[in-house]
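Every number here is computed from the coordinates shown, using simple stated rules; none is lab data. Everything numeric in this text was worked out from a predicted model, so none of it was measured. Positions of Cβ are generated from backbone atoms using ideal geometry, with glycine treated the same way; all protein chains shown enter the neighbour counts.
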Amino acid sequence: MIEIQTLATGSKGNCYYVTDGVTPILIECGISFKQIQRKLNFETTDIAACLVTHEHQDHCKGLNALLNAGIKCYMSTGTKDAIGIDHHRIKTVENKKQFTVGTWTILPFDVQHDVSEPFGFLLANKDGDKLLFATDTYYIKYKFQGLTHLMVECNYCQSVLDANVESGRIHKSMRSRVMKSHFSLENVLEFLKANDLSKLQEIWLLHLSDSNSDEFLIRQEVARVTGKLIHIP
């Protein structure tokens, strides 16, 4: 059984704690290690690894402290080079080549973001659970079978973004940047429709924009399409 805890989400920092009851890991470390420790009641000695999707600070701010605390951190070579930290606990992994961390088998896959080599991750455990994690991408080109847990960005609603541009609240250039680097509600819905959700237990919708999203609309639309349990941290 997979348990998920959101320690931080959004542009100020992202960090998620995931365990199958045997091997706890972090996904992203965009807050300080001291914050991570506090949020986990200082029970961090058994954390087996951290998966880092890309080099933006809201996803890797706490990397140095994690490494120094003895936690291995997995990322693409492009992300490692962009971060610019050389440490023996940084483990580079390749697109669509599985690796293992404890009881997890993890498959990195390429996503679409304005950075060097961003990854999403598919995590499977020995009980047959499958968790998909994808953030900071405007599109996912792959389809997945047998997902039981889904953690996916739902950053903005196109109608809200367009209204903000129309009113002058945000500049037109920002609209283009958001659309080419983040997952919209509309694209999330298309992704959900394209995938096998027959075993899906819950959906975590992450990284909602403070100004370009409508939480009520997002929850309503995803529930309409999936009928699944939805968390919006």
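Brief remarks follow.
- Rg/Rh for region 25-146, where both radii come from Cα atoms and Rh is the Kirkwood radius: 0.95
- Of all DSSP beta bridges in the chain, antiparallel share, percent nearest 5: 50
- Projected label points at residue 37 and residue 224, each 7 Å from Cα along the beta carbon direction, are separated by 4.7 nanometres.
- Length added when fully stretched, residue 85-residue 180, from 0.36 nm per residue minus Cα-Cα: 31.5 nm
- Remark: 6, 137, 45, 53 ranked as 45, 6, 137, 53, counting other beta-carbon atoms within 10 Å and listing the fewest first.
- Whole-number Å³ per residue for the convex hull built on Cα positions in region 3-231: 116
- Of 97/193; 34/193; 72/228; 96/199; 61/228, those spanning more than 30 Å from alpha-carbon to alpha-carbon: 34/193; 72/228; 61/228
- ³J(HN,Hα), Karplus 6.51/-1.76/1.60, whole Hz, each residue of region 94-110, x for Gly, Pro: 10, 4, 6, 10, 5, 9, 10, 9, x, 8, 8, 10, 10, 10, x, 9, 6
- Sequence-separation-based contact order of region 3-231, relative, with Cα cut under 8 Å and 6+ spacing, percent: 14
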